[in-house]
1. Report the relative contact order of the chain, percent, no decimals, based on alpha-carbon pairs under 8 angstrom and at least 6 residues apart.
2. If we count every other residue with Cβ under 12 angstrom of Ala214's Cβ, Lys/Arg +1 and Asp/Glu -1, where does the sum land?
3. Considering only DSSP beta bridges with both partners in the chain, what is the antiparallel share in %, to the nearest 5?
4. Amide H neighbours of Glu249 under 5 Å, counting only residues 5+ apart in sequence or on other chains, H built in-plane at 1.01 Å?
5. Are there any GluC sites (Glu not before Pro) in segment 200-307 that are in a DSSP loop and have at most 11 other Cβ atoms within 10 Å? List them by number.
6. Once fully extended, how much extra length lies between Thr428 and Met1, figured as 0.36 nm per residue of separation less the alpha-carbon to alpha-carbon distance?
7. Report the equivalent ellipsoid semi-axes for segment 160-265 in whole Å, largest first, defined as the square roots of five times the eigenvalues of the gyration tensor built from alpha carbon atoms.
8. Can you give the relative contact order of segment 1-155 as a percent, counting alpha carbon pairs under 8 Å and 6+ residues apart?
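Where a number appears in this text, it was derived from the coordinates with a stated rule and is not lab data. From a predicted model like this one, the values you see are computed outputs, not experimental measurements. Cβ sites come from the backbone with ideal geometry, for glycine too, and all protein chains shown count toward neighbours.
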Amino acid sequence: MVKDVLVIGCGPSGMAQVNALAGVDEVNVRCFEMNDEIGGLWTWTDKVGDCHGSMYRYHQTNGLNEFLEFENYSFLEHFGHLITSYPPRAVMLDYLKGWTRKMGGDRFVTLNRKVTSVVYDDETSKFTVVSHDTKTDARHLDYFDNVVVCNGHFSVPNWVPPFKGMSDYKGMVIHAHSFRDAQDFQGMDVMLVGNGYSGEDIAMQCVKFGAKSATITYRSQPAHAESGFLDWPITERKLPTHFDAASGEFKFAEGQGLKPDAVIYCTGYKHTFPFLSEPLQLRTPNRLVPNTLWKGIVHPDNTKLYFVGMPDQYYTFTMFFAQAIFVKGCLEGKVAFPSKAEMLSDTAAWQVKEDEAHASGEHAQHHQLQLAHTNDACSLVGYKMRDDGDLLCQWQDDRHRNILKYRDCTAPSKVDGTVSLVYNVPWTQMFTDDKVSYLAWCKSQTQELVKVGTITLPQLAAPRAG
Ligand code: NA7
């Protein structure tokens, strides 16, 4: 019997799922995406507030793109020439869209369609799904045998309690979710709360585009104690203790107070599924092995409900595709689901391993755990995710060596062995995110390298970049 399957969201996870299911005869797949284009996190809007995206202008990827590259779709196949390892956001979006066109997943997507309710009916064994057309507000009612949740988890800010006295602070206060353009902070002293990847990158963006200084405040430990930010006016300090209205300063346990013009909370995001009915909810912090989900994917109370892209991430695109292949296997009846108790105990055992990896303090143990956990699922359907441990270690080493220069580094492709280009403008001086001029330069540079015999490239079909 053909199964009606709904994929919710068409960011990289949803794309992976529709692509994995394209051409599967037993499945009639549809995907509802509330945006007016596919790409999720990789799309950009200047809208703030009640919107899904958390992307900011001028963002260049902050992980080596070689560990994002799909085994069945090289960058070379897409662009027709080499690119750099940390391209502008729009270039990655172009690649993702090209992959989805090639795989045929795009034909299942309905844009401007926001899912507002998903309820499971025990009598019919189907999900009742209510969705709205965001342009016309027309309401739709559909029934599905299976649902795959791919709505991402970098949209809803994890606001933390304000500092004591903060209500007297008169400067700008936003969460990273609403950070759109570093140029808005020119001439300002900025304080960041939280020193994860957002805190680090938003601080660097602000200073690069003209902020006077950035102070990254941390709760647990400094992230850049060894290498620092060289001569850039970026410092890391332990969180302030309170805001002092009399002096207009945030006060710290040690050292001088700080009078920032703006405070940006970079305190992470919350997994949120407002459209799922209570029995279908997933409640988890952002961790490598999410709470309760069997193999990081299957809801233990309803094995017809899957989540793709929910773990905290070292691996991203390739992991989403691996998870999507596992879901495909579930839909094809290849996976025998154990009892709920067995599923929960399997998840708990993986979480113990995750805790051990955290305790070790070794970066490599985290991504090794993610690889092992994903491949544990994939082994049930005869698939294996590529091991990019060496690239992940290189990326971390490059960052530690020089946080301002890691985006100028190169790496070999695991798919076709080609080595990425060094861009003619270093990241510290790149003030545009223009895709067209970036790709034009990459194309002419590749042609030049071929002409002088520095490289040879495999014979290619016409590129699919759009
Ligand atoms: P992350 O990686 O979740 O980082 C959140 C940061 O916020 C981290 O430094 C936390 O400190 C800090 N935090 C959390 N709660 C508080 C409170 N109450 N007070 C102060 N600081 C706090 O989010 P990002 O947005 O940086 O990165 C998003 C994803 O990008 C990330 O998950 C990766 O997958 C890539 P902690 O270290 O926990 O003490």
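1. Details: 926 pairs, mean separation 91.5, N = 466.
That works out to 20 percent.
2. Numbers: positive: Lys208, Lys212, Arg237; negative: Asp189, Glu200, Asp201, Glu236, Asp261.
Taking every other residue near Ala214 into account, the sum is -2.
3. Working: 26 of 62 bridges.
So the antiparallel bridges amount to about 40 percent of the total.
4. Asp244
5. On the way: sites: Glu200, Glu226, Glu236, Glu249, Glu254; in loops: Glu226, Glu254.
In loop regions of segment 200-307 (DSSP not H, G, I, E or B), the sparsely surrounded GluC sites (Glu not before Pro) are Glu226, Glu254.
6. Details: separation 427, 0.36 × 427 = 153.72 nm, distance 5.62 nm.
Full-extension gain reported as 148.1 nm.
7. Values: eigenvalues 76, 53, 33 Å².
Ellipsoid half-lengths, sorted descending, are 20, 16, 13 Å.
8. Relative contact order comes out at 33 percent.
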